[in-house]
Structures are given as C-alpha cells and as structure tokens.
1. Per-residue counts of other Cβ atoms within 10 Å, averaged by peptide: what ranking do you get for 431-437, 399-405, highest first?
2. Quick check: the distance between the Cα centres of segment 293-307 and segment 152-205, to the nearest angstrom?
3. Among Arg98, Arg135, what is the fewest-to-most ranking by other Cβ atoms within 10 Å?
4. Counting pairs of alpha carbon atoms under 8 Å apart in space and at least six apart in sequence, what relative contact order in percent does the chain give?
5. Using a 10 Å cut-off on Cβ atoms, rank the peptides 123-131, 371-379 from the highest mean neighbour count down.
6. Highest mean first, how do 10-21, 214-225, 151-162 rank when packing is the count of other Cβ atoms within 10 Å averaged over residues?
7. Just to confirm a number: summing +1 for Lys and Arg and -1 for Asp and Glu over residues other than Arg338 whose beta-carbon lies under 12 angstrom from that of Arg338, what do you get?
8. Measure out, as a whole number of angstrom, how far apart the alpha-carbon centroids of segment 1-79 and segment 392-444 sit.
Amino acid sequence: MNDSRDNPVGTASQEALQHAETALWRMCSFFDAPIADLDAAIAADPGWMLPHVMRASFLLTLTEPSLLADARAALEQADLLAANAPERERAHWAAASRCASGDWHGACAAWEQILLDHPRDLYALQWAHLFDFYRGDARNLRGRVARVLPEWPADDPLRPYLLGMHAFGLEECGHYAQAEAVGREAASGDAKVPWATHAVAHVMEMQGRYAEGQAWLRGQRPRWAEGNGFAGHLWWHLALFHLEAMDLDGALQLHDAHQGSAHAVLTLQRLDGAALLWRLRLLGADVGARWADLAQGWDLTPRDAGHSAFNDAHALMALVGTGDAAAAQALLAAVQRRAERGSESNAAMAREVGLPLMRALLAFDAGDAATAIALLAPLRDTAHRFGGSHAQRDLIDLTLLAACSLPGGQRALGCALLNERVMARGETPQVDHWRRQLGLAARA
Ligand SMILES: [Fe+2]
C-alpha cells in the first residue's frame, strides 16, 4: 500500500495509516503531540514498523535528554518489525538511530537520501528541517525544501506546510521578500500553518518592522495561539517586537501571560523564557522574581549537559539569572567535559560556540566587559554552527552591544555594530536606546 503521497508503507490497514497521517499533520502543525495517534496506529496494526520510528523521531525533535530513553525504546520496538518493512521505513529507522546516537549531521544526511528516492516523504523533510534548524544550517533549511518542492502537486493538502518550511529557509538565507511572499501564501489558506506565520514574523524581526510584526502576529492569532505547542515561541516573537519598540512593560506582560514555569513543559519552551529575560535585563528592565519562576521544574543540573549546546547556553542564562554562580560553573564544567571527550554533533557545537558563549555570558554578568567582548566578537561569524535562528542568535549581538557600553567596553566596536544594525533594521526605539547607552549622538 502507498500513502496519499505515493510513499510505500508497510501496513495494509487503512485505519493504521489514517492515524499515522493525523500524527504527521500534528508534527507539521504543532497542534497537539502525535503520541496518541501513533499509539492508535500501533494498536490498529501491531506489525507495522513506521509508527514506532515516527514516535522515536518525534521525541528526538524535542531535544529533551529525558526523552532519549523513550526514543531508543521505540527504535528497539521498530527493529523487531524490520524484517517485513519496506526499505524506506528501514531507512527511516537508520536515520533516527543516528539522530539518537547524537549524530545530528549524519541523521540529516540519511533523511536527505530518503528524499532523493521519495521527494514527497514529508516525514523525512519535517525531521531534517527541524535538525537543519538545530544545526543552524540555513543553506539546507532553504535548499532541502527547494529540492523536493517541484515534485509536490499544487493541490496536496499538506503543501502549505512545505511552503512554511520553504519560507523559513528563505528567511534564514536572507531572501526576505521571497520569504515573506511564500510565508503569506502558506498562511493565507484554510490550513493553519504556524511555521509559515513564524517565517513572516522572522522577516519582520530581521527588518525592524516591529509595529507590523505585532499586527501580523496578533492578526494571525486564530492560527497559532490556541492548543498549539509552538505558541510559546510565537508569543516570544511578539515580545521581541515589543522590545524593538522599547515597550519593556509590554514584553514583561507577555512573559508573565505566556512564558515561565506555568506555561513551559519542554526545554525548547523554557529557553525562550530565558532568552527573553536576558534581553530584558540587557535593556535595563527589572525582571524581579521571574528568573526563579522560570527555573522551577527546569532540570538545570549538569546531569544531561552536552545534549544540546544551544539549550545548555540558555540553561546557563537561567542559572546566572537566579544568581546561582556555583551551579552555572558546574554546568559549564560538565559541558566542557562532554565536549572534550564526545564525538557527537553537539560536542563540536559546544567547543566552537556553546562554551565560549557560556564563558562570555558569565564574564558579562561579572561586569568583565573586556573578556565578554573578546569572547563574543569572534562568535558573530561562527555562532550559526550551534543552531537556532538569526533572531535567537541576535542575543549574542545584543550582549556584545551591552558589553561595549560597560565601563572598559569598546565604544568604536559598539558604534560599528549599531551601524550594521541600522542598515538591516532601520531606526527603531531600541536602536536609539543603544545609541544612548554607547554615548553616541542621536541621529536627526
Ligand atoms: Fe523563531
């Protein structure tokens, strides 16, 4: 049997396939987790390998160390069913296994191989796209989608999700006009595509269009705000638009309503809270007890350090924010130990970006502007290697601007960074703020 995109599947059960299709839609749209649908697919056809691999791959995309054991158990279950599975499903098992072993680059290469044979395999594309994001691979965020997009019929009901991915890849490659057009197209139909809404918000963020950005996200709210696992990140983007307007109270209100321990379940959600509070701190806001609240329920111990260099850097921000210097140093040491001995993708990501960034954040917190600047300035050219988006990694530039503004900072570097920022974003209230912090004359 084939699915509706002509991919061979190892089940003869229409019921099982339908549950898997629903699970796939949930993974692409972020409306509820797909686990119950996958359990239903397994119940409908206990001999089908793919739902077990889907379960593993989905859990891996959450970058949560505590879910690794579940992912590996699902892969073991899948392996027991491999003898009767089509080659494509065994290839998915191999890709997910590489991912589970920490070889994120190898996993993406394996998903790409599946896409060469099955360009409408949305499983492979969805998971590779997310790991392109986690690896900061802008070229493939755009290119991997572009290599299959012409193979999709215009009326495929899941095509808007592909367009959403394409829009985000275009944005991360700096093709803002095309990204906005494709994102708006994907977000305008009947399908709810939060990833497309998000791509357009990224364009507006990179171009300093803070008023438009607020209006866009608020206008799109029916498409992302309720019952969606990605909503926290879009609230974060909305808060960034408030920060660009120097509306710190507005950003704090969004944090209180949508971030923090009451709203975050996963590290992926908590790290947005940490990034927002860090930016608020850089801009001079008093965030009060919010750091302590954010840390509630977040495992900030060094136990799982090294699984994601990006997540570790944000965990360090939370520890610095709560004033727990000893725990921050312990986390740094644990990440360093794993990075030195490990061969996983994240060992290199930590060595190249994560560790110097963590040391820079600690230096900045201690008021050591010279050390913070010496560590942060070179990271501007390499930080994409530890994943995330340009908007997320802008935290590095903002911390550098703040360090340049400190006593012992570098006004000339700060001025140059601000010039670069104005050329990309235009004049914004936040640009004015940094100009004042650097002691530069206001622009007419
Ligand atoms: Fe984003």
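1. On the way: 431-437: 17.4, 399-405: 24.0.
Top of the packing list down: 399-405, 431-437.
2. Computed from Cα coordinates, the inter-centre distance equals 33 Å.
3. Numbers: Arg98 19, Arg135 24.
Least crowded to most crowded, the residues run Arg98, Arg135.
4. Values: 686 pairs, mean separation 50.8, N = 444.
Contact order relative to length: 11 percent.
5. 123-131, 371-379
6. On the way: 10-21: 18.8, 214-225: 17.0, 151-162: 15.2.
Ranked from most to least packed, the peptides come out as 10-21, 214-225, 151-162.
7. On the way: positive: Arg303, Arg337, Arg341, Arg351; negative: Asp304, Asp312, Glu340, Glu344.
Computed value for this residue: 0.
8. 47 Å
Readers should treat all values here as calculations from the given coordinates under stated rules, not as data from a laboratory. What you are looking at is a predicted structure, and each value in this text was computed from that prediction instead of being measured. With ideal geometry, Cβ positions are generated from the backbone for all residues, glycine too; neighbour counts draw on all protein chains shown.
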